[in-house]
Amino acid sequence: MTFQDLNLNTPLYNALDDLGFTTPTPIQEQSFSVVASGKDVVGIAQTGTGKTLAYMLPILRNLKYSRQDNPRVLVLVPTRELVVQVVSEIEKFSKYINNRVLGVYGGTNINTQKQAVAQGQDIIVATPGRLYDLAVSRVLQLKSIQKLVIDEVDVMLDLGFRHQLMNIFDILPQRRQNIMFSATMTKDVDELISDFFINPSKISIAVSGTPLENIKQERYDVPNFYTKVNLLEHLLLDKDEFSRVLIFVAYKKMADRLFNKLEELFPGESCVIHSNKTQNYRLRSIEQFREGEHRLLVATDVMARGLDIEGVSHVINFDTPDYPENYMHRIGRTGRAEQEGHSILLSTDKEKEGLERIEELMQMQIEALSIPDTVEISTELIEEERPQIRERNNPIKRSDADAPGPAFHEKSEKNSKENLGGSYKFKIAAKYKKPKTRGDKNYNRRNKK
Ligand code: AMP
């Protein structure tokens, strides 16, 4: 397939020619007609797959020339770097199109951005916080937004932007197309989709279920966290064999917890990356791991997905991913460049379903090993493994019953107005001028005669 097979227009063909792009990438091929159809779309694709063009091409193809000031397309991304990058991509594709594109992000002067917005725009690319500030200040009107793109949703949710997204959803027109791209599927992403998307079409460049043949996969059944740590210690003591080890966990708290344990067991040999660490810290950790200064790197799925590090001797799946695609991404970090790679998967009873899904996707069984006798089986449980504590007099209430549920979101602006009491009267008085009464009724009655 070439771009000629997509129903584009001359300005777009000319821009693609200038860029030297001839063949759409798989995600572009699959997205074009679905995005162009106006349906809600969820795309699973990593950076580097051409996903920006996958959503922008159909949008630019259908965006009519307009002189109206209010933007019609909104692209939300998690970081300012990405705002800059996406704007520059859009500008390249729009070389022969007469449209106005603006990037806005926090940490810079809002007034300059307000002036730029006021000049009238067609496409806004923004980080959620700054976008909301501009919308609340009324400089940026969102009432004409027809297409909302949320890119790198997994990172956005991992960085804690869910609330900001809810606020933005509330002030966008109800009738709009939602287009979402995420590199990994996580529980948070899944929840967001089911809460806010209308029957979306899902596109994913099928993660190959066939693992590289040069990756040796093994697994252990392990009852709990502390036994996993004991087994990990036993394995990692063989420093020649386990020379550069990437250890995956599902969430930040677990990453910190495991990192602290490893620091006790192997002082100065490990580093950790997750989204609560600053970008500098993360970059430094990755560099230290790459250079071999640190033998062990603990990482969450979201933060590790772009990692391309040579010579990873082992990938250890400290937990079993719920989504089998994440397992495929994880183990692909080892066995690169034709080298032998190893992957080890640890699963508790609760994680057995995840294991089944992985084996189903790969159409093969992972070889199960038994825990060596020297490894102590712990009976101690961490918080998440303990049974839910129930109140004595309230057997139904769970310990997290007060936490907002997955469907929680802020009230809409309209519904969250406070009762301002007296000021309402002043407003009405101002609007209708003086009340038309014929004096005080009671006074008049009392003084009749
Ligand atoms: P992205 O995944 O959107 O970050 O894109 C990765 C890089 O691939 C960007 O530099 C794009 O300009 C480039 N690219 C996107 N689509 C194509 C294509 N069809 N052919 C060649 N390069 C592309």
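The figures follow:
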item: T22 under 21 Å from N9 (Cβ atoms), within 16 Å of the ligand (Cβ to nearest atom) and free of Cβ contacts under 8 Å to residues at least 60 places away in the same chain; result: yes
item: Selected residue (only one of S144, S88 is surrounded by fewer than 18 Cβ atoms within 10 Å (Cβ to Cβ) and assigned to a helix (DSSP H, G or I)); result: S88
item: Residue list for the stretch 25-40, filter: in a helix (DSSP H, G or I) and within 13 Å of the ligand (Cβ to nearest atom); result: P26, I27, Q28, E29, Q30, S31, F32
item: Residue match in the stretch 44-56 (condition: more than 13 Å from the ligand (Cβ to nearest atom), β-branched (V, I, T) and either crowded, with 22+ Cβ neighbours inside 10 Å or modelled with pLDDT of 95 or more (or both)); result: no
item: Matching residues, the stretch 283-324, being surrounded by 19 or more Cβ atoms within 10 Å (Cβ to Cβ), in a helix (DSSP H, G or I) and out of contact with any His (no Cβ under 6 Å at 6 or more places or on another chain); result: S285, I286, F289, D301, V302, A304, P324
item: Top-ranked residue in the stretch 159-203 [being of a type outside the set (G, A, S) and part of a strand (DSSP E or B); ranked as surrounded by the most Cβ atoms within 10 Å (Cβ to Cβ)]; result: I179
item: Selection count where residues are loosely packed, with under 13 Cβ neighbours inside 10 Å and at pLDDT below 95, scope the stretch 326-349; result: 3
item: Among (1) surrounded by 14 or more Cβ atoms within 10 Å (Cβ to Cβ); (2) at pLDDT 95 or above; (3) more than 16 Å from the ligand (Cβ to nearest atom) - the single one S66 does not satisfy; result: (2)
item: Qualifying residues in the stretch 286-329 (those that are β-branched (V, I, T) and in contact (Cβ under 8 Å) with a residue 24 or more places away in the chain) - the one farthest from V229 (Cα to Cα); result: I309
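The values are calculated or read from the model by the stated rules, or taken from the named source; none is laboratory data. What you are looking at is a predicted structure, and each value in this text was computed from that prediction instead of being measured. Counting neighbours? That spans all protein chains shown, and the Cβs are built from the backbone with ideal geometry, glycine included.
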